[in-house]
1. Given the criteria more than 9 Å from the ligand (Cβ to nearest atom) and surrounded by fewer than 24 Cβ atoms within 10 Å (Cβ to Cβ), does residue 215 qualify?
2. Within the stretch 224-242, track down each residue that is closer than 13 Å to residue 44 by Cα and small (Gly, Ala, Ser).
3. For the stretch 424-438, name all the residues that are more than 30 Å from residue 142 (Cα to Cα) and crowded, with 22+ Cβ neighbours inside 10 Å.
4. When you go through (1) of a type outside the set (Gly, Ala, Ser); (2) touching a residue at least 24 places away in the same chain (Cβ under 8 Å); (3) open to solvent by 40 Å² or more (accessible area, probe 1.4 Å) one by one for residue 346, which number turns out not to apply?
5. Checking the condition over 20 Å from residue 227 (Cβ atoms) and at pLDDT 95 or above, which residue from 38, 98 passes?
6. Looking at (1) within 14 Å of the ligand (Cβ to nearest atom); (2) of a type in the set (S, T, N, Q); (3) surrounded by fewer than 24 Cβ atoms within 10 Å (Cβ to Cβ), which is the only condition residue 262 fails?
7. Are any of the residues in the stretch 324-340 within 16 Å of the ligand (Cβ to nearest atom) and either assigned by TED's automatic domain parsing to the domain that holds residue 370 or touching a Lys or Arg at 6+ places or on another chain (Cβ under 6 Å) (or both)?
Amino acid sequence: MGTGPQGVSGAVGAPCPRLRGMTEPTQINHWIDGKSYEGHSGRRADVFNPATGEVSGRVALADQSDVDAAVASAKEAFEDWRGTSLAKRMLVIFRFRELLNERKEEMAAIITAEHGKVLSDALGEVTRGLEVVEFACGMPHLLKGGFSEGVSTKVDVYSIRQPLGVAAIITPFNFPAMVPMWFFPIAIAAGNAVVVKPSEKDPSATNFVAELWAEAGLPAGLFNVVHGDKVSVDALLDHEDVKSVSFVGSTPIAKYVYERGTASGKRVQALGGAKNHMVVLPDADLDLAADAAVNAGFGSAGERCMAVSALVVVGDVADPLIAKIKERMATLKTGDGRRGCDMGPLITGAHRDKVASYVQAGIDAGATAVVDGRDPQVDGADGGFWLAPTLFDNVTTDMSIYTEEIFGPVLSVLRVPTYDDALALVNASPYGNGTAIFTNDGGAARRYQNEVEVGMVGINVPVPVPMAYYSFGGWKASLFGDTHAHGVEGVHFFTRGKVVTSRWLDPSHGGLNLGFPTNA
Ligand code: NAD
């Protein structure tokens with residue numbers, strides 16, 4: 001394999017230039033028709049190493065003609081791929097799985113270099129993405145239709161599922177490997193061609209994936225990458241040859257993508273933002289709950305759509321629980337993700353400043369800052385985008401630290417007297433992505449799973465991300481469209497059903513009859 005589009009691969013196992021400490025920003029290009037593609041717009045955006053604040057890359061931003069080139073390549077490749085036998089398609093998917101597994105550490109390093117999350121966390125997201133690839137390896141089984149013999153005299157009926165064509169996949173910065181992998185392994189295994197538009201903030205992981213696909217033997221044109229901003233997203237949403245759009249990002253953009261994409265007749269699944277509540281009942285194991293709140297609140301610097309940001313404490317256990325959380329927070333090490341720290345930097349300086357401004361807004365609104373992370377001690381470079389974990393108590397539902405998705409390491413405690421108050425609070429949220437309840441009372445847990453209006457529920461599990469063979473998705477403002485990601489719903493999203501009614505000519509079928517056909 002040759003030197004990659006942004007130089008991330010080179011020979012197998014070679015570290016990318018930025019990981020060798022090169023200071024010159026790398027040119028990060030699109031990947032179209034099986035090769036690096038510079039594009040025509042002349043526009044580029046800075047990509048940072050959030051742990052140093054340095055510009056590590058310059059990513060191309062696509063214009064309409066670049067998107068047209070990617071979609072045209074995908075459309076052409078699709079025509080052959082849809083006719084390629086399942087057995088041959090699966091050989092490529094299995095090979096991709098093996099390559100990704102062999103090189104997952106390399107991919108994790110690329111993620112940490114542009115996203116900032118600690119290496120173990122980056123490896124975790126690659127592993128969760130790999131699980132979707134493994135699920136897609138079972139596509140021959142998943143695509144099996146039904147067959148009914150003799151539904152009428154000598155008439156049989158069977159169902160088949162066929163690929164859609166060109167699928168667009170538009171993804172956020174916070175999981176540069178896992179979120180695209182929620183979609184493309186299934187889309188490709190089911191016979192589609194894809195155009196991925198990753199976040200322009202950490203684009204290199206997707207280019208690395210493109211090279212792995214090429215090495216796995218995927219024909220050129222089936223996996224394309226266009227980098228860019230709103231211009232490229234709009235071009236994909238309006239393109240008549242794009243048949244489906246899978247989007248993940250903030251709620252306002254998800255709503256916009258859903259409305260614009262469906263307006264031009266596309267199938268759209270648009271996963272949006274979140275505000276995830278963890279409810280702690282008075283009978284819960286407070287040590288387990290404190291561990292969980294810290295892990296789920298501050299893992300990946302709170303930049304997870306399944307992060308816990310609101311801790312709803314029922315009854316009189318708030319004081320001891322907060323004391324335990326505070327104790328644990330004092331042991332957390334914030335710093336460069338390559339140095340064995342617990343929590344890395346935020347994605348950009350602008351985002352760090354925005355999150356810090358929410359901390360001030362919380363104080364101004366009267367919440368109690370139990371721990372204020374704005375003056376952090378870090379194991380990292382001065383220029384990094386640092387903010388240490390912050391804990392608020394006495395938060396109320398009218399404060400902006402509660403009403404808005406902060407997407408940073410800020411955990412808010414809301415005190416309520418009863419289970420019913422906790423449930424009402426969670427159900428009043430406009431979001432419905434994930435939630436968790438901590439209790440030893442099976443009846444209460446069962447009641448919560450039944451009554452809460454949220455798509456993914458954890459019982460003593462703080463980040464209940466479903467396995468690949470279940471489907472991932474929230475309710476309300478956390479998902480526009482009716483189809484969740486991966487699992488059987490993912491297979492349905494990337495295929496269309498067809499039902500065939502068949503008979504082979506037989507004299508008994510002859511004769512004129514203008515009546516509506518019935519089963520006889
Ligand atoms: P974002 O909405 O800013 O960006 C997502 C994608 O949309 C990116 O590819 C970006 O380039 C593109 N985009 C940005 N502005 C656009 C515009 N005006 N028009 C068209 N496209 C535009 O999100 P982000 O900051 O990258 O990611 C964080 C958000 O994603 C959070 O809100 C988080 O909750 C959400 N998220 C949700 C899930 C989920 O499963 N529900 C998973 C991960 C992240």
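1. Spelling it out, residue 215 is indeed more than 9 Å from the ligand (Cβ to nearest atom) and surrounded by fewer than 24 Cβ atoms within 10 Å (Cβ to Cβ).
2. Within the stretch 224-242, 228, 232 meet the criteria.
3. Residues satisfying the conditions are 426, 429, 431, 436, 437, 438.
4. The one condition residue 346 does not meet is (3).
5. 98
6. The one condition residue 262 does not meet is (1).
7. The answer is no; no qualifying residue exists.
Conditions tested, residue by residue: (1) more than 9 Å from the ligand (Cβ to nearest atom); (2) more than 19 Å from residue 61 (Cβ to Cβ); (3) out of contact with any helix residue (DSSP H, G or I) (no Cβ under 9 Å at 6 or more places or on another chain); (4) not assigned by TED's automatic domain parsing to the domain that holds residue 343.
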site	(1), (2), (3), (4)
198	no, no, no, yes
224	yes, no, no, yes
229	no, no, yes, yes
235	yes, no, no, yes
248	no, yes, no, yes
253	no, no, no, yes
268	yes, yes, no, yes
280	yes, yes, no, no
286	yes, yes, no, no
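The values are calculated or read from the model by the stated rules, or taken from the named source; none is laboratory data. No experiment lies behind these values; they were computed from the predicted model shown. Glycine also receives a Cβ, built like all others from the backbone with ideal geometry; neighbour counts cover every protein chain displayed. Keep in mind that these areas ignore ligands, DNA and RNA; they rest on the heavy atoms of the full protein, side chains included. Shrake-Rupley method; radii C 1.70, N 1.55, O 1.52, S 1.80 Å.
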